[in-house]
1. Determine the pairs where a residue that is free of Cβ contacts under 8 Å to residues at least 60 places away in the same chain, located within segment 24-49, has a partner that is assigned to a strand (DSSP E or B) with Cβ atoms under 8 Å apart, the partner being 6 or more residues away or on another chain.
2. Can you find even one residue in segment 88-96 that is exposed (fewer than 11 other Cβ atoms within 10 Å of the Cβ) and not charged (D, E, K, R)?
3. I'd like to check something: does segment 79-89 contain any residue that is without any contact (Cβ under 8 Å) to a residue 40 or more places away in the chain and closer than 19 Å to Ser26 by Cα?
4. When segment 22-71 is examined, which residues are found to be surrounded by fewer than 16 Cβ atoms within 10 Å (Cβ to Cβ), small (Gly, Ala, Ser) and not in a helix (DSSP H, G or I)?
5. Looking at this structure, is Ile82 within 30 Å of Leu34 (Cα to Cα) and surrounded by 12 or more Cβ atoms within 10 Å (Cβ to Cβ)?
6. Going through segment 50-100 one residue at a time, which ones are of a type in the set (D, E, K, R) and closer than 17 Å to Asn23 by Cβ?
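Taken together, the values in this text are just the output of simple stated rules run on the coordinates, not laboratory data. Owing to the predicted nature of the structure, the values given are computational and were not obtained by experimental measurement. Cβ placement follows ideal geometry from the backbone for every residue including glycine, while neighbour counts extend to all protein chains displayed.
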Amino acid sequence: MSCATGTIAINNSFFSPTRKILNEFSAWSVLVKLTTTQVQGVNAWYKAFKFAFSTFLFTWAMGWYCYYLLDFNIKPFNWDIIILLGFEVFYIAFQAGKGQLSHFNVSTPLY
């Protein structure tokens, strides 16, 4: 915290994944309104929308939390978030685009 200005300087490198997820969240919110693809009677993009939003909230909260951790190497944590949650959101969106279930799909043993 800077005493002169009273602001908190937060490491911007963590928030780059948050900005990316927020952009994806915005794109899915548009897709929810513009498409009619449905999975089990619900717009297919709702699930991608909800996962993108929850991922955004998680990354924002962890960014806030990590600011207070002393001697914490944030770079490996950032890459874990980008790769793992990025894959999750991408896969759910990919399946939504095909109009198929993304998980809890028991129709084949390979899901």
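1. Close Cβ pairs (under 8 Å, with a partner that is assigned to a strand (DSSP E or B)) amount to Val32/Asn43; Thr35/Asn43; Thr36/Asn43; Ala44/Gln38; Lys47/Val39.
2. No; the residues of segment 88-96 include none that is exposed (fewer than 11 other Cβ atoms within 10 Å of the Cβ) and not charged (D, E, K, R).
3. Yes - at least one qualifying residue is present in segment 79-89.
4. Gly41
5. Judged against the criteria, Ile82 is a match.
6. Lys50, Glu88, listed by residue number.
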